[in-house]
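K.L.:
Quick one: the structure is below, and I'll ask about it shortly.
The values are calculated or read from the model by the stated rules, or taken from the named source; none is laboratory data. What you see is a predicted model; the values in this text were computed from it and never measured. Neighbour counts are summed over all protein chains in view; Cβ atoms, including those assigned to glycine, are modelled from backbone coordinates with ideal geometry. Heavy atoms of the whole protein, side chains included, go into the accessibility calculation; ligands, DNA and RNA do not. Shrake-Rupley method; radii C 1.70, N 1.55, O 1.52, S 1.80 Å.
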Amino acid sequence: MDAAPTPLPTPTPVDLDTWPRRQHFAHYRRAVPCTYAMTVEVDVTAFASALRGSRRKTYLAQVWALATVVNRHEEFRMCLTAAGDPAVWPVVHPAFTVLNPERETFACVWTPYDPDFGAFHEAAAPLLAAHARAVDFFPQGPPPPNAFDVSSLPWASFTGFTLNIRDGWDHLAPIFTLGRYAERDGRTLMPLAVQAHHAAADGFHTARLVNELAELLAEPGWVDA
């Protein structure tokens with residue numbers, strides 16, 4: 001079962017005359033184009049406990065939580081117009097990986113974001129089963145332009161993870177990588193790497209995103225709501 005076709009929204013151009021980050025955008029887009037990575041350990045003790053007693057899938061709950069905090073903030077919904085100016089999508093959708101264990105390759109699938117986790121899970125869960133043995137990289141076709149990427153690396157816990165993107169200066173969407181849980185001092189910790197374009201978001205914005213994700217996972221009543 002594939003994601004239902006979703007009408008493509010129109011991004012809203014940023015008003016450069018009033019935008020506080022106008023100079024920052026110009027600097028990191030033209031003068032010193034750069035991306036950066038931030039790796040953190042997120043406390044998922046309550047979240048993991050809630051999922052152990054739930055029929056819902058941990059991976060999809062992780063993806064939904066990321067999509068929820070991403071959609072709160074314009075800096076993580078940014079794109080470029082045809083003229084190269086900044087614009088903001090009204091909503092962005094998660095594209096996430098599905099492993100084919102026999103081929104040791106993965107497919108990239110996507111689901112429209114829904115602020116209701118139950119509705120999102122109902123739409124996304126069939127994709128994991130339908131494409132578990134996919135041989136195409138994009139079995140649904142290419143993700144929409146208002147998508148951002150999530151990858152899972154559940155075989156290893158890491159303290160650093162960086163993507164080196166050649167000629168990726170036009171890619172303003174964040175990229176997330178999830179790692180294997182680690183147990184320490186009675187807490188369950190999840191490695192999370194965030195790749196961001198400095199023209200779109202500063203360290204302040206990424207830190208806020210990570211903190212909001214931690215807050216959302218610390219109150220996981222939504223898992224079975």
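K.L.:
Rg and Dmax of the chain, using alpha carbons, in Å: what are they?
P.N.:
17.5, 54
K.L.:
For the chain, which span is the longest to avoid every loop-located (per DSSP) member of GluC sites (Glu not before Pro) having at most 12 other Cβ atoms inside 10 Å?
P.N.:
105-225
K.L.:
Please arrange 81, 206 by accessible surface area, largest first, computed with a 1.4 Å probe and ligands excluded.
P.N.:
Correct descending sequence by accessible area is 81, 206.
K.L.:
Sorted by accessible area with a 1.4 angstrom probe, largest first, how do 116, 43 fall?
P.N.:
116, 43
K.L.:
Taking θ as phi - 60°, what are the ³J(HN,Hα) couplings along the stretch 212-225 by the Karplus curve (6.51, -1.76, 1.60), each to the nearest whole Hz, with x for Gly and Pro?
P.N.:
Once θ is set to phi - 60°, the couplings for the stretch 212-225 become 5, 5, 4, 5, 5, 6, 7, 10, x, x, 6, 4, 10, 6 Hz.
K.L.:
Pulled fully out, how much extra length does the chain show between residue 128 and residue 10, if you take 0.36 nm times their separation in residues and subtract their Cα-Cα distance?
P.N.:
39.6 nm
K.L.:
OK, next. Under the 0.36 nm per residue contour assumption, what length would be gained going from the current alpha-carbon distance of residue 102 and residue 219 to full extension?
P.N.:
Gain on stretching residue 102 to residue 219: 38.4 nm.
K.L.:
Could you please state how large a percent of the accessible area of the stretch 1-157 is carbon and sulfur, counting protein chains only and using a 1.4 Å probe?
P.N.:
Reported share for carbon and sulfur atoms: 55 percent.
K.L.:
Let me ask something else. In whole Å, largest first, what are the principal axis extents of the Cα atoms in the stretch 1-125?
P.N.:
51, 35, 33
K.L.:
Moving to a separate point now. Per residue, how much accessible area does the chain show when a 1.4 Å probe rolls over the protein heavy atoms, in square angstrom?
P.N.:
50
K.L.:
If you don't mind, there's one more thing I want to ask. How big is the accessible area of residue 36 in square angstrom, nearest 10, if you roll a 1.4 angstrom probe over the protein chains?
P.N.:
Taking all protein chains as shown, residue 36 has close to 50 Å².
K.L.:
Pulled fully out, how much extra length does the chain show between residue 153 and residue 27, if you take 0.36 nm times their separation in residues and subtract their Cα-Cα distance?
P.N.:
Roughly 42.0 nm would be gained on extension.
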